[in-house]
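Every number here is computed from the coordinates shown, using simple stated rules; none is lab data. Quick caveat, the model's predicted, so the values are computed rather than measured. Cβ placement follows ideal geometry from the backbone for every residue including glycine, while neighbour counts extend to all protein chains displayed.
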Amino acid sequence: MCGFAGFLTLHAAGAALPDTAVTHLALNSTARRGPDSEGQWQDSYIWLGHRRLSIVDLDERGTQPMERANLVIAFNGMIYNYREIKEQLKDKGFQFTTDTDTEVIAAGWAQWGEGLPERLQGMFAFALWDKKEKTLFLVRDRLGKKPLYYRHWKGGLAFGSRFDTVEALTAPASLSKDALSWLLTLKYIPDPLSAADEIHKVPAGHLIKITEGRPERKCWYELLPDNALLSMSPERQKQRLRDLIEQSVAERLISDVPLACFLSGGIDSAIIAALANRIKPIDTFTAGFDDPLFDESEAAARTAQHLGTSHHRLRLRADEQLDLIDQLLTVTLDEPFGDSSALPSLFVSRAMKNHATVALSGDGADELFGGYRKHQGELVAGLWQRIPAPFRRLLHGTVRKLPRGRDAYISDRLRQLDRFMGGAELADAERHAHWMALAAGASDIQQLLRPGGHTALVRLLGTMAVPNNLDRLTVTLLRDIKTVLISDMLVKIDRTSMDTALEVRSPFLDHRVLQASLAIGGRQKIVWGQGKKILRDIFRAELPAELFSARKRGFEIPLNRWLSGPLKDKLSEAVSPDFLAFNNLDTQLGTVIKTGIMKGLYPHAEMGWTLMSVFHWQKARGFK
């Protein structure tokens with residue numbers, strides 16, 4: 001993994017290329033993504049800079065930007081089938097001087113041009129400059145696993161791997177009203193939007209071509225079900241899915257540096273670890289929490305023993321995590337981001353980096369195969385609506401009146417039940433939006449927020465392109481893939497791992513596995529009381545029985561306890577009347593959030609954490 005930056009002059013009278021001081025700032029912003037080496041290249045039209053994290057072919061010849069004939073490339077990512085493509089190119093007469101995937105991309109572009117990305121299997125973002133045609137291409141992978149930002153600036157185009165990289169090449173940006181609205185609705189900003197109106201992301205599965213100052217955006221990948229699986233029997237679908245997952249794991253074991261595997265107490269990471277360990281002995285790592293409500297280390301240790309892996313426990317002490325908060329909110333995250341699980345993710349990445357440079361994870365299985373409670377809710381929403389309306393209102397009112405004690409588990413279950421009942425009354429996109437929304441079930445917060453955020457979310461979900469042949473449950477999963485997976489989960493993985501120069505690979509997110517998941521009927525993935533049914537069916541015989549009955553635990557922190565304890569002062573800053581007024585928010589919101597946190601209400605804690613993220617981001621840009 002790496003980080004890169006660049007600046008293109010769009011026309012003869014356009015902006016001058018950045019000076020040495022500016023390019024130093026830009027590359028320094030990506031230094032944590034690529035600590036091994038630095039390179040720069042420029043001509044009269046463009047400057048390119050790159051920071052490298054060496055994974056494959058550690059030779060200095062792999063340093064970027066890499067020049068090959070008329071092409072110059074700056075690349076971030078990993079192409080798992082690059083050796084296969086390399087052999088195809090050799091058959092066509094191409095010769096190579098390195099064993100890097102970067103050189104293969106450059107040669108492949110010379111052969112296939114804009115048809116190359118669809119041949120690539122992996123995660124990637126790259127900038128490619130055609131010296132002869134004076135054309136720049138900015139290309140991003142199918143799911144947007146690797147970030148790529150750009151900004152038009154005074155007759156030029158700045159671009160890079162981080163939001164603050166683009167700022168370094170231009171000027172600091174301000175949080176937009178729309179971005180703040182999305183953060184308070186979802187706790188993240190949906191791709192391809194960014195924190196500022198004037199800074200954009202290359203959308204997932206797209207490329208941008210800039211010739212003579214004219215940008216042209218093209219979609220090179222559309223998320224569709226695998227047609228071959230649609231006509232298969234359920235048993236054949238299971239076998240095909242297993243084959244694809246096995247292949248995906250095998251491809252992601254390519255590395256010239258130490259490689260390991262995350263292992264939690266659930267089935268997702270256990271499947272990946274089991275398949276990887278069959279191919280080569282692998283070390284597994286588990287995060288252990290002080291709080292038993294979140295701790296899965298004992299179950300993970302038993303799974304590791306069952307699989308025969310060399311296992312390591314990483315103890316996530318509360319005080320050590322708290323010490324990382326300032327770094328997370330001001331350095332690791334280049335945009336405001338309200339998912340608090342980024343904190344333990346950063347901590348685990350830091351600890352794991354001492355043992356490995358590449359890590360496999362089970363991320364993505366919940367979104368692809370229906371592992372969340374809201375997917376159970378979608379399954380039974382129709383049944384709920386058949387209950388007479390007066391009785392539904394009575395049940396919902398009773399649940400709302402039940403006291404939320406300090407017991408986090410009971411409080412969370414009541415919150416989930418309240419959220420289900422409220423959402424199940426609604427239709428399709430509105431129901432999905434209700435279950436996604438940060439403040440769903442927190443009427444006191446909702447009353448103080450402008451309604452535009454929820455309306456925009458309903459519109460986003462309702463107008464999303466969906467293939468005609470998907471059932472209702474799979475449509476729900478596809479919406480989650482296009483929102484929470486791309487804009488929350490993948491952002492968290494990339495930022496927290498790359499901040500420590502750890503490359504995380506997620507076999508479930510191979511595009512062939514993803515396309516297969518969309519072709520499999522929703523009832524094979526989700527049944528009452530059980531998500532990810534098809535994965536359980538396929539791998540049940542190979543994993544410990546206790547995994548299939550264990551309660552699902554999120555990778556979370558005791559947010560209410562921390563915000564009412566050691567983080568109380570940080571919260572107060574972020575919900576102060578001055579700060580809320582600065583962002584045109586109701587100044588009563590702070591009191592409501594604090595009161596809810598003292599009552600143990602999780603939506604209030606999530607809203608407080610999100611505002612803390614916004615506060616630190618704006619403070620770094622001059623808010624006082």
Quiz item: Tell me, what HN-Hα J-couplings in whole Hz come from the Karplus equation 6.51 cos²θ - 1.76 cosθ + 1.60 at θ = phi - 60° for each residue of region 122-138, using x for Gly and Pro?
Solution: x, 10, 6, 9, 8, 10, 10, 10, 8, 5, 6, 8, 6, 10, 10, 10, 10
Quiz item: Can you sort Arg240, Arg33 by how many other beta carbons sit within 10 Å, fewest first?
Solution: Arg240, Arg33
Exercise. Sort Arg162, Arg242 so the one with the fewest other Cβ atoms within 10 Å of its own Cβ comes first.
Key: Arg242, Arg162
Quiz prompt | Built amide H within the under 5 Å cut-off of Ser37, gap 5+ | solution = Arg52
Quiz item: Around Gly108, with a cut-off of 9 angstrom between Cβ atoms, what is the net charge of the other residues, counting Lys and Arg +1 and Asp and Glu -1?
Solution: +2
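Which of the GluC sites (Glu not before Pro) across region 176-260 are loop residues per DSSP, with 12 or fewer other Cβ within 10 Å?
Values: sites: Glu198, Glu212, Glu216, Glu222, Glu235, Glu246, Glu251; in loops: Glu198, Glu212, Glu222.
Those that pass, being in a loop and sparsely packed, are Glu212, Glu222.
For region 2-219, compute the orientation-averaged projected area of the C-alpha convex hull (one quarter of its surface), in nm². Display every interim value, and only then the final one.
Numbers: hull surface 46.6 nm².
Averaged projected area of region 2-219's Cα convex hull equals 11.6 nm².
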Self-check item: On Cα atoms only, tilt of 297-307 relative to the major axis of the chain in degrees
Solution: 60
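Which net charge results when you count Lys and Arg as +1 and Asp and Glu as -1 among the other residues whose beta-carbon is under 12 Å from that of Arg350? Walk me through the intermediate numbers first.
Values: positive: Arg32, Lys353; negative: Glu320, Asp323, Asp499.
Residues close to Arg350 contribute a combined charge of -1.
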Quiz item: Out of residues 5 or more away from Thr587 or on other chains, whose amide H comes under 5 Å of its own, with H placed 1.01 Å from N in the peptide plane?
Solution: none
Quiz item: Could you give me the ³J(HN,Hα) list for region 464-472, computed from phi with Karplus coefficients 6.51, -1.76, 1.60 and θ = phi - 60°, whole Hz, x at Gly and Pro?
Solution: 5, 5, 10, x, 5, 9, 9, 6, 4
Quiz item: Which of the aspartates and glutamates could a cross-linker span from Lys90 if the Cα-Cα distance has to be under 20 Å and same-chain partners fewer than 8 positions apart are dropped?
Solution: Asp57, Glu67, Asp99, Asp101, Glu103, Glu114, Glu118
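Which loop chymotrypsin sites (Phe, Trp or Tyr not before Pro) in region 515-607, with loop taken from DSSP, have no more than 10 other Cβ atoms within 10 angstrom of their Cβ? Can you show the working numbers first?
Details: sites: Trp528, Phe539, Phe548, Phe555, Trp562, Phe579, Phe582; in loops: Trp528, Phe555.
Hits after loop and neighbour filter: Trp528.
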Quiz item: If you plug each phi of region 258-265 into the Karplus form 6.51 cos²θ - 1.76 cosθ + 1.60 with θ = phi - 60°, what whole-Hz ³J(HN,Hα) values come out, in order, with x for Gly and Pro?
Solution: x, 10, 9, 9, 5, 9, 9, x
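For region 558-624, with only Lys/Arg (+1) and Asp/Glu (-1) charged at the beta-carbon, what is the dipole magnitude about the Cα centre, in debye rounded to 20?
Details: 8 positive and 5 negative charges, 35 e Å.
Magnitude of the dipole: close to 160 debye.
What does the charge add up to near Ala274, with Lys and Arg as +1, Asp and Glu as -1, over the other residues with Cβ less than 13 Å from its Cβ?
Here the charged neighbours net out to +1.
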Quiz prompt | Part-to-part distance (alpha-carbon centres) for region 415-446 and region 87-110, which is given in Å | solution = 51
Exercise. Give the Rg (one decimal place) followed by the Dmax (whole number) of region 558-624, computed from C-alpha coordinates and expressed in Å.
Key: 11.1, 34
Quiz item: When the Debye formula is applied to the Cα atoms of region 107-199, each taken as the same point scatterer, what base-10 log of I(q)/I(0) results at q = 0.12, 0.24 Å⁻¹?
Solution: -0.48, -1.25
Quiz prompt | For region 358-394 versus region 167-187, the gap between their alpha-carbon centres in whole angstrom | solution = 31
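Past the 23 Å Cα-Cα mark, which pairs from Lys374/Lys532; Lys594/Lys619; Lys92/Lys218; Lys570/Lys594; Lys482/Lys532; Lys154/Lys209? Let's see the in-between values first.
Details: Lys374/Lys532 13 Å; Lys594/Lys619 21 Å; Lys92/Lys218 27 Å; Lys570/Lys594 12 Å; Lys482/Lys532 19 Å; Lys154/Lys209 19 Å.
Pairs exceeding 23 Å: Lys92/Lys218.
Under the Kirkwood approximation for Rh and a Cα-based Rg, what ratio Rg/Rh is obtained for region 411-478?
Expressed as Rg/Rh, it is 1.01.
What are the equivalent ellipsoid semi-axes of region 207-302, built from the alpha-carbon gyration tensor (square roots of five times its eigenvalues), in whole angstrom, biggest first?
Details: eigenvalues 240, 109, 53 Å².
Rounded to whole Å, the semi-axes are 35, 23, 16.
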Exercise. Return the Cα extents of region 266-415 along principal axes one, two and three, sorted largest first, each rounded to a whole Å.
Key: 59, 39, 30
Exercise. Two decimals is fine: what is log10 I(q)/I(0) at q = 0.18, 0.24 Å⁻¹ for region 208-261, from a Debye sum with one equal scatterer on every Cα and no solvent?
Key: -0.80, -0.95
Quiz prompt | Interchain or long-range residues, amide H under 5 Å from Asp191's placed H | solution = Ser487
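When Asp43, Asp334 are ordered from fewest to most other Cβ atoms inside 10 Å of their Cβ, what list results?
On the way: Asp43 12, Asp334 25.
Sorted ascending by nearby Cβ count, the order is Asp43, Asp334.
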Self-check item: Space enclosed by the convex hull of the alpha-carbon atoms of the chain, per residue, Å³
Solution: 149
